[in-house]
Each structure stands twice: as C-alpha cells, then as structure tokens.
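Enquirer: Below you'll find the structure I mean.
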Amino acid sequence: MTRKTPRDFFQPLAIGAPEPMRELPVRLERMIHFVPPHLDKVRAKVPEMAPTVDVVLANLEDAIPADAKEAARAGAVEMGSMYDWQGKGTGFWSRVNCLNSPWFQDDVSELVLKAGHQLDVIMLPKVEGPWDIHFADQYVAQLEAKAGLKRPILFHAILETAQGMALVEEIALASPRMQGISLGPADLAADRKMKTTRVGGGHPYYRVIDDPNEDGSPREGAQQDLWHYTVARMVDACRMAGINAFYGPFGDIADVEACEQQFRNAFLLGCSGTWTLHPKQIEIAKRVFSPNPDEVKFARRILEAMPDGSGVAMLDGKMQDDATWKQAKVISDLADLVAGKDPDLAKAYSDA
Ligand code: GLV
Ligand code: MG
C-alpha cells in the first residue's frame, strides 16, 4: 500500500500537534502580496498595507540576496507580531527557501516556533513531488507540537519544475495541510527549457497564423497563451483535491494591460487569486479576482429563477438548468465573500 489509510490521513503527525483541518477556512485570497522582510522601510509599512490586501507574504526565497537571508527570516518573524493577522482576517504567509537549501530548516523552525500562532500558510517553492510535502509535513508537525499551536499551519506549493508539473495531482493530494498551488512561471520556464526571458505572461512569437492568402498578402495571426495548459492542469489538480489554484508572478510591472489580461485568463479558468509584486498589481488583482457586478446580477437572477437548484428556466433567451445554477452559485458565493470585505463592491453587488 503506497497511501495512508483514510483514517490515518487526518491524524496529527506528531504527538501534541494540532489535528489537521478537514475543510479549508473559507477566505478571500485574491492577491498574495510579496514583501521583502529584510528591508526595514518596507517592513515598517506592513500594518498600513495589511488591511488593503487579502494576504501578505514574507518572502525568504528568490529575490532575497544570500547575505540577507537571515535578516529576512528575522524580519518575517517580526512581521508576525506587527499586525493582528488572525483577529483582523488578513492572511499572513511566508515563502521559505527550498528544501535542499541551507536555509529551509531554520526558516521553518523560526517561523513556526516564533510566529506560528499568527502564520496561516507556508509557501514551499520548487516542489518536485509528494515526498517534499511529506517531509515538510512531518517537520512542521514536530514544531507545532513544540510551540503548542492549536491551529495547523497550511502549505502552498509552487509549481515550478517539470517533475512537479508531471506530479501535480499527487502534490495536491499529499497532505490535509495543502491549501493551494501557484504557477511559478519563471522557474518552470527555465526547468522546461522554454526559450523565454520573462516572468509570466505571453510571448509575441507564440502564435497561430491563418492559411496562406491566394494573393500572397500578409497572413493574419494571433498570439496564444503560453500558460494555458499549465494553468488548466493546475486548476484541475487543485479542484480535484478541494484546494485552490493561483497565478504566480507577473514580472513586467509597467505592462499593466498584459498583467490584467493574464490575471483575467487565470480567473476565468478557475484560479482564486494571484501574486502581486507591486502596489499597482494589487489594484489589478482586486479588479480581476472580484466578480464583475453585471455577472453577479445575472448569477443571482439564475439562483432566483431556480430556488431549489434544479429544473429548467429561460433567462434572456438563455437556457438555465442545474449546471448553470451551480456556476451561478460559484459567482454569487464569491461575491458574498468579497462584499464582506469591500464596502464599495458590496454596494455595487447589491445595486446590481
Ligand atoms: C516564481 O517563483 C517563479 O519562479 O515564477
Ligand atoms: Mg521561482
């Protein structure tokens, strides 16, 4: 037998560790905002920024120089006590260094022992397979027991190697700690030997073109989405496991239009949110990952037309049935969640 029994799957992995969650907490996670915790000036703004985003993430991995890793770790621990994360409902996450790095062990132990009561999620980079999750799972359980935590810390894996991609379903199912998976387009591109030099987004050379024109005139073409397969497969793996999928970084901060389009594709395909690397991207993520008021209005008309969720109805010439009722429920439930946090959108949804 290669899997645990269903009963054992939900047993704590260390004596004294909290029981694993059976259902994920229902939370808004439209943007995971990355903060470099070693920079005093940036860290000082955390309490002011926290209420404006859904999740703040203390980044310890890539983009943090090797000689600042310890300062970043200490800054992340400090961030745990700079805001009442659990009381006020903004998620507090940290991206630790990868499992084979010299920093992983201390990153995780310092965070869990010193900030575990505030920390919601540990983001694990470069996850290759379920074995990485199992190792971290056991290690965190030991630390949770030592820290006397009552609520388990969840895991979020980044999909950024070809092997991780090939095993994404197993990663999603590896532990009840799994909260979600993000696309890591920069590392994934390198590992796959994609011929790009970008962080996320499309590429002008990745296109389809029309058949030749008889008169030899230039052929029309359209750029395609480099990430379509990856995001779609990640969404299926996550939703199968009852966890959430996320777009990752979009590196061209100045290109807000392409960023918005890429985020929107991910939202439509099923993603719950994205990473944000710059305040400009927070606004984009908020706009994209909150449902559109017109869409919410139509979804609520569907729910009203079929109060028990079954049968058939016609709305504006469009057929509605049990399946469209379920789609409408996804949008309406998300709108309720957004409305609970955002008074402007709450008004837009209730006026809709
Ligand atoms: C994120 O970590 C990426 O590699 O894109
Ligand atoms: Mg990466």
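Enquirer: Search the range 211-230 for residues that are in the same structural domain as residue 162 (by TED's automatic domain parsing) and pair each with any residue that is acidic (Asp, Glu) and not in a helix (DSSP H, G or I) when their beta-carbon atoms are under 8 Å apart and the residues are at least 6 apart or on different chains.
Expert: From residues that are in the same structural domain as residue 162 (by TED's automatic domain parsing), the pairs are 219/210; 219/211; 220/210; 221/210.
Enquirer: Does the range 198-210 hold any residues that are among the charged types (D, E, K, R) and free of Cβ contacts under 8 Å to residues at least 24 places away in the same chain, and which are they?
Expert: Going residue by residue through the range 198-210, those that are among the charged types (D, E, K, R) are 198, 207, 210.
Residues satisfying the conditions are 207, 210.
Enquirer: For the range 50-70, which positions are in a helix (DSSP H, G or I) and within 16 Å of ligand 2 (Cβ to nearest atom)? So that I can check it myself, show each step before the final result.
Expert: Our first condition is that a residue be in a helix (DSSP H, G or I); within the range 50-70, this holds for 50-52, 66-70.
Once the filter is applied, which keeps residues that are in a helix (DSSP H, G or I) and within 16 Å of ligand 2 (Cβ to nearest atom), the range 50-70 yields 66, 69.
Enquirer: Right, something else. Could you go through the range 94-114 and let me know if any residue there is over 25 Å from residue 248 (Cβ atoms), out of contact with any Ser or Thr (no Cβ under 9 Å at 6 or more places or on another chain), hydroxyl-bearing (Ser, Thr, Tyr) and assigned to a helix (DSSP H, G or I).
Expert: Yes, the range 94-114 has at least one match.
Enquirer: So residue 251 ticks every box in (1) in contact (Cβ under 8 Å) with a residue 24 or more places away in the chain; (2) small (Gly, Ala, Ser); (3) part of a helix (DSSP H, G or I) but one. Which box is left unticked?
Expert: (3)
Enquirer: Right, here's the next one. Is it fair to say residue 271 is more than 16 Å from ligand 2 (Cβ to nearest atom) and part of a loop (DSSP other than H, G, I, E, B)?
Expert: Values: more than 16 Å from ligand 2 (Cβ to nearest atom): yes; part of a loop (DSSP other than H, G, I, E, B): yes.
Yes, satisfied.
Enquirer: Then there's this: Just for the range 151-167: of the residues that are within 15 Å of ligand 1 (Cβ to nearest atom) and β-branched (Val, Ile, Thr), which one is nearest to residue 91 (Cα to Cα)?
Expert: Initial filter on the range 151-167 (within 15 Å of ligand 1 (Cβ to nearest atom)): 156-165.
Next cut, β-branched (Val, Ile, Thr) only: 158, 161.
Values: 158: 18, 161: 26 Å.
Of everything passing the filter in the range 151-167, 158 is nearest to residue 91 (Cα to Cα).
Enquirer: Now for a different question. So which of 186, 172 ends up being on the phi < 0 side of the Ramachandran plot and surrounded by 24 or more Cβ atoms within 10 Å (Cβ to Cβ)? Working first, answer last.
Expert: Numbers: 186 fails: surrounded by 24 or more Cβ atoms within 10 Å (Cβ to Cβ).
Going through 186, 172 in turn, the sole match is 172.
Enquirer: Please tell me if residue 308 is outside any loop (DSSP other than H, G, I, E, B) and more than 21 Å from residue 26 (Cβ to Cβ).
Expert: On the way: outside any loop (DSSP other than H, G, I, E, B): no; more than 21 Å from residue 26 (Cβ to Cβ): yes.
The answer is no for residue 308.
Enquirer: Considering each of 141, 136, 186, 145 in turn, give the residue that is outside any loop (DSSP other than H, G, I, E, B), out of contact with any Ser or Thr (no Cβ under 6 Å at 6 or more places or on another chain) and under 30 Å from residue 260 (Cα atoms).
Expert: Working: 141 fails: under 30 Å from residue 260 (Cα atoms); 136 fails: under 30 Å from residue 260 (Cα atoms); 145 fails: under 30 Å from residue 260 (Cα atoms).
One residue alone meets the criteria, 186.
Enquirer: Return the only residue of 36, 12 being under 28 Å from residue 146 (Cα atoms) and without any contact (Cβ under 8 Å) to a residue 40 or more places away in the chain. Working first, answer last.
Expert: Details: 12 fails: without any contact (Cβ under 8 Å) to a residue 40 or more places away in the chain.
Only one candidate passes the filter, namely 36.
Enquirer: How many residues are among the polar types (S, T, N, Q) and either at positive phi or in a helix (DSSP H, G or I) (or both) when one looks only at the range 71-86? Walk me through how you get there before you give the answer.
Expert: Initial filter on the range 71-86 (among the polar types (S, T, N, Q)): 81, 86.
Next, only the ones that are either at positive phi or in a helix (DSSP H, G or I) (or both) stay: 86.
The qualifying residues number 1.
Enquirer: Something else: Condition test on residue 230, is it in a loop (DSSP other than H, G, I, E, B) and of a type in the set (Val, Ile, Thr)? Give the derivation first.
Expert: Working: in a loop (DSSP other than H, G, I, E, B): no; of a type in the set (Val, Ile, Thr): yes.
For residue 230, the condition - in a loop (DSSP other than H, G, I, E, B) and of a type in the set (Val, Ile, Thr) - is not met.
Enquirer: In addition: Kindly indicate whether any position in the range 156-174 is within 16 Å of ligand 2 (Cβ to nearest atom), within 22 Å of residue 255 (Cβ to Cβ), among the aliphatic types (A, V, I, L, M) and in the same structural domain as residue 120 (by TED's automatic domain parsing).
Expert: Let us first name the residues in the range 156-174 that are within 16 Å of ligand 2 (Cβ to nearest atom), namely 156-165, 168, 171.
Now restrict to residues that are within 22 Å of residue 255 (Cβ to Cβ): 160.
Restricting the remaining residues to those that are among the aliphatic types (A, V, I, L, M) gives none.
No, the range 156-174 contains no residue that is within 16 Å of ligand 2 (Cβ to nearest atom), within 22 Å of residue 255 (Cβ to Cβ), among the aliphatic types (A, V, I, L, M) and in the same structural domain as residue 120 (by TED's automatic domain parsing).
Enquirer: Further question on the same structure: Consider residue 201 carefully, then state whether it is within 16 Å of ligand 1 (Cβ to nearest atom) and assigned by TED's automatic domain parsing to the domain that holds residue 171.
Expert: Working: within 16 Å of ligand 1 (Cβ to nearest atom): yes; assigned by TED's automatic domain parsing to the domain that holds residue 171: yes.
Yes: the conditions hold for residue 201.
Enquirer: Identify, please: which residue in the range 299-349 is within 19 Å of residue 288 (Cβ to Cβ) and polar (S, T, N, Q) and is, among those, surrounded by the fewest Cβ atoms within 10 Å (Cβ to Cβ)?
Expert: Among those that are within 19 Å of residue 288 (Cβ to Cβ) and polar (S, T, N, Q), it is 327.
The values are calculated or read from the model by the stated rules, or taken from the named source; none is laboratory data. Fair warning: this is a prediction, and the values are worked out from it, not measured in the lab. Here the Cβ is made from the backbone with ideal geometry for all residues, glycine too, and neighbour counts use every protein chain on show.
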